[in-house]
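One structure below.
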Amino acid sequence: MKPSPGTDAGGGYGAKEVSRMLGLSVAQVRAWVRSGLLEPERGPRGELKFSTKDLTLLRQASGLAGSRIGPRRIERALTRLREQMPPSGSLADLEIEADGNRIVVTDGSARWQPESGQILMDFSQTSARCVPLVRPPRRSTAPAAGGSESAVFWYERGCALEASDAASAADAYRRAIELDPALADAHVNLGRLVHEEGDAVEAGALYRRALELRPDDATAAFNLGVALEDLGRDAEAIEAYEKTVALDSDHADAYFNLAGACERAGRAAAAIRYLKAYRALTRSRSQ
């Protein structure tokens, strides 16, 4: 679309021209500008000059004017939307629509309500649960009383028993930890078993101990986040999940859980960002 002959040589559309093209009153166009939805340039005499991107956004927003949503509420929602956008974001890249009596924004990866910041996420699952860890341990560099080999024996016995006898497996992991308190894998596996039994407090303590022993353990960090979520401590859970993705940038479950925890914490922009990361990872894995 090119500016009509009546526009200035510098390009851009005037408010009257825009109102004719989109079927809006000039007053409504100016109201969008006052709301902060648009930031048009000014001509040499101070007149408004709208770009092609402005037109795209106005066309989307004009659909709201014909909905059951009042004009003041529309203006308030659009003002909030601009506040929620990152500095590099463009409102023209968003789809803005009325869904019944609510305003919904979609950016291709997420949907949310700009008035409240609530994300409309279709979680077909609950937060991803603890990651099983059944692997040969990375042995402690300092043999414990009773011998590190004995600790490894009990750890491996716990791994073998998990599928058939979780209680005996937990006892084996506890014995391994008694013999070698620095056996991080035993702390993680025992933490998961007691967590599955409903004791998120003890599980969290075991995961924290594993991280003290091995700070680069993404599994321990992730499982700690799940335990903290179960305890209703979302702020701390977010820290644990952020540590997880810092250690393992491909940890899709951590991004998924981060999106949910951030949404509950009122951090809409962060929740959207993490949900995008989760969806990007899951899409790449399905290709």
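Odds and ends about this structure:
- Within the option set THR282, THR219, being polar (S, T, N, Q), assigned to a helix (DSSP H, G or I) and either closer than 30 Å to VAL152 by Cα or not assigned by TED's automatic domain parsing to the domain that holds ARG174 (or both) holds for one residue only, THR219.
- Filter result for GLU229 (in contact with a Ser or Thr (Cβ under 8 Å, 6 or more places away or on another chain) and farther than 23 Å from SER168 by Cβ): yes
- Tallying residues that are without any contact (Cβ under 8 Å) to a residue 40 or more places away in the chain, part of a loop (DSSP other than H, G, I, E, B) and surrounded by fewer than 24 Cβ atoms within 10 Å (Cβ to Cβ) within segment 238-275 yields 5.
The values are calculated or read from the model by the stated rules, or taken from the named source; none is laboratory data. Note that the coordinates shown come from a computational prediction; the quantities given were computed from them, not determined experimentally. Positions of Cβ are generated from backbone atoms using ideal geometry, with glycine treated the same way; all protein chains shown enter the neighbour counts.
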